[in-house]
1. Exactly one condition in (1) modelled with pLDDT under 95; (2) touching an Asp or Glu at 6+ places or on another chain (Cβ under 7 Å); (3) on the phi < 0 side of the Ramachandran plot is false for Tyr11; which is it?
2. Scan the stretch 91-119 residue by residue and report those that are open to solvent by 30 Å² or more (accessible area, probe 1.4 Å) and either under 16 Å from Leu53 (Cβ atoms) or within 11 Å of the chain's Cα centre (by Cα) (or both).
3. Among the residues of the stretch 97-119, is any of a type in the set (Asp, Glu) and at pLDDT below 95?
4. I'd like the full set of residues that are of a type in the set (S, T, N, Q) and either free of Cβ contacts under 8 Å to residues at least 24 places away in the same chain or within 23 Å of Pro27 (Cβ to Cβ) (or both), limited to the stretch 70-92.
5. Could you look through the stretch 28-52, keep only residues that are part of a loop (DSSP other than H, G, I, E, B) and in contact with a strand residue (DSSP E or B) (Cβ under 7 Å, 6 or more places away or on another chain), and pick out the one that is least open to solvent (accessible area, probe 1.4 Å)?
6. Say whether the condition of being of a type outside the set (Lys, Arg), open to solvent by 30 Å² or more (accessible area, probe 1.4 Å) and touching a residue at least 40 places away in the same chain (Cβ under 8 Å) is met by at least one residue in the stretch 62-69.
Amino acid sequence: MTNEASVRIYYLPQSFPCGPESACCGPVGQSPEELAGYVTALKTAIAGVEPQLIDASAKLNLGRDLPAIKLLNAFGASASPIFMVGSEVVSMGPPAMAEVAGLVAAKLASVQHEEAARR
């Protein structure tokens, strides 16, 4: 899969800003189980796709990750997870995975069609 057709999921590791037992707010970010579910849903819906998980709380690559950085700067933790195909954002925020999988599949097909046309 070319870089233009790579599928990336930017996430924030789940944390409890007010403490795990606090009543004022719930957890922020995604749990390992949620992330595994996203990856499984995409792999099940789209043959051959290998989504890359990227921890958005770690140092990001400005060239590759700029759209995700901009969304995180503008919307904070509520932007995550961010699903991208190549350099294009497909979805941000809590996903409806059936819809996200369809959008990712359509974008991948579009990228592959464009690559074939360039040959």
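1. It is condition (1) that Tyr11 fails.
2. The answer is Met92, Pro94, Pro95, Met97.
3. Yes: the stretch 97-119 contains one or more residues that are of a type in the set (Asp, Glu) and at pLDDT below 95.
4. Correct list: Asn73, Ser78, Ser80, Ser91.
5. Step by step, filter the stretch 28-52, then rank; the result is Val49.
6. Within the stretch 62-69 (the criterion being of a type outside the set (Lys, Arg), open to solvent by 30 Å² or more (accessible area, probe 1.4 Å) and touching a residue at least 40 places away in the same chain (Cβ under 8 Å)), the answer is no, since none of the residues qualifies.
The values are calculated or read from the model by the stated rules, or taken from the named source; none is laboratory data. The structure displayed is predicted, hence computed values, not measured ones. Cβ atoms come from the backbone with ideal geometry, glycine included; neighbour counts cover every protein chain shown. These accessible areas exclude ligands, DNA and RNA; they are computed on the full protein's heavy atoms, side chains included. Shrake-Rupley method; radii C 1.70, N 1.55, O 1.52, S 1.80 Å.
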